[in-house]
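The structure appears right after this line, and notes come after that.
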Amino acid sequence: MKQQRRQNRPGDTASSRAFRRLKKAAVVQALAAGSPFKTTSLGFSCFSGPVTPHTGHRHEEVEVVVFDKHPITVLYGGREVSVRPGQLSVFWGVMTHLPLRVVSGTEGFGLRIPLPWLLEWNLPQTLTRRLLGLEVLADDCPYDLERMKDWIQLAASGDASRREIVLLEVQARLRRLAINGSVRRRDSSRRDRCDRSASVSFEAMVQFIAARYTRDINVEDIVGASGVTRNHAMRVFRNFTGSTIYKYLTQQRVCHAQQMLATTPLGMEEVARQSGFGSPTIFYASFKKVVGQSPARYRRALRICGRQERSGQGCWRRSL
């Protein structure tokens, strides 16, 4: 009976049913590729390379990306989004996203920026609210592709002053996007969408975490900032991110620790303390669970990376 109703609903055509089957097949293929929807915390990073269709993932950072040569269709949180070549797209990677339709030879170039960094920039509220509301922002500028390639080269150098230049220029570009950019809204028909009240509660929690994740805060403190009951806050947070509040808080702290390991000579206990972890034991266990290796090994890998970059071998550029 349900199947009959789906077939007869208004506007349902053979092509729309075929597209739904295509999206379902994309998800199945992505899952078969090896748990691609696992949320990861990458910290600040850059990437470039060929776009592989039907490989999806999620991460905690805001992604700023430009594709070259051909248009691309991306599945973002279950919704189809079309991106033109050379068009700058910005979105919060906490929603599952995967390339759906890609012309062979298309390459992507981008940066991933930790959300707390972006929130500290005090960008126009309209922009940050839209990103936190899981919307895709887009803007056209003829120089974005070359500008992005330059950012990647500077960021991949491993030099802190060059990275600072990249972050300042990205911040300025996002301010321009807030004035000129278009918005591609989440599909309001999604079954798990939240109403405006839930969105406000979610944004309050994310802002609270971003401002205080290095301090001694816990889930109850975060729930208190939402203005709703604990159960409702947990449900809202999971609906938006697919993650628990505690897991998200831990990932932000690990992301901060990654930054400190990459940019400071501080010992592990001090990194743990300044990242908001209550003890080195919790820090080591959380870091290895999120990153997949110990903090010490992660720092060694970064040093090897830096030597390879200086010798021209490259290291930081990763395929999509």
Residue that is modelled with the lowest pLDDT, among those in segment 155-166 that are aliphatic (A, V, I, L, M) and surrounded by fewer than 18 Cβ atoms within 10 Å (Cβ to Cβ): ALA160
Strands (runs of 3 or more DSSP E) wholly inside segment 63-165 containing at least 2 residues that are among the aromatic types (Phe, Trp, Tyr): 87-92
Whichever residue in segment 195-208 is free of Cβ contacts under 8 Å to residues at least 60 places away in the same chain and part of a helix (DSSP H, G or I) and, among such residues, is surrounded by the most Cβ atoms within 10 Å (Cβ to Cβ): MET205
Some residue of segment 181-192 being loosely packed, with under 14 Cβ neighbours inside 10 Å and either at pLDDT 65 or above or in a helix (DSSP H, G or I) (or both): no
Every pair of residues 6+ apart whose Cβ atoms lie under 9 Å, when the first sits in segment 231-248 and is under 19 Å from VAL290 (Cα atoms) and assigned by TED's automatic domain parsing to the domain that holds ALA210 while the second is basic (Lys, Arg) and not in a helix (DSSP H, G or I): THR241/ARG58; GLY242/ARG58; SER243/ARG58
Failed condition for GLY105, given (1) of a type outside the set (Val, Ile, Thr); (2) touching a strand residue (DSSP E or B) at 6+ places or on another chain (Cβ under 7 Å); (3) modelled with pLDDT of 85 or more: (2)
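The values are calculated or read from the model by the stated rules, or taken from the named source; none is laboratory data. Owing to the predicted nature of the structure, the values given are computational and were not obtained by experimental measurement. Using ideal geometry, Cβ is built from the backbone for each residue, glycine included, and neighbour counts are taken over all protein chains shown.
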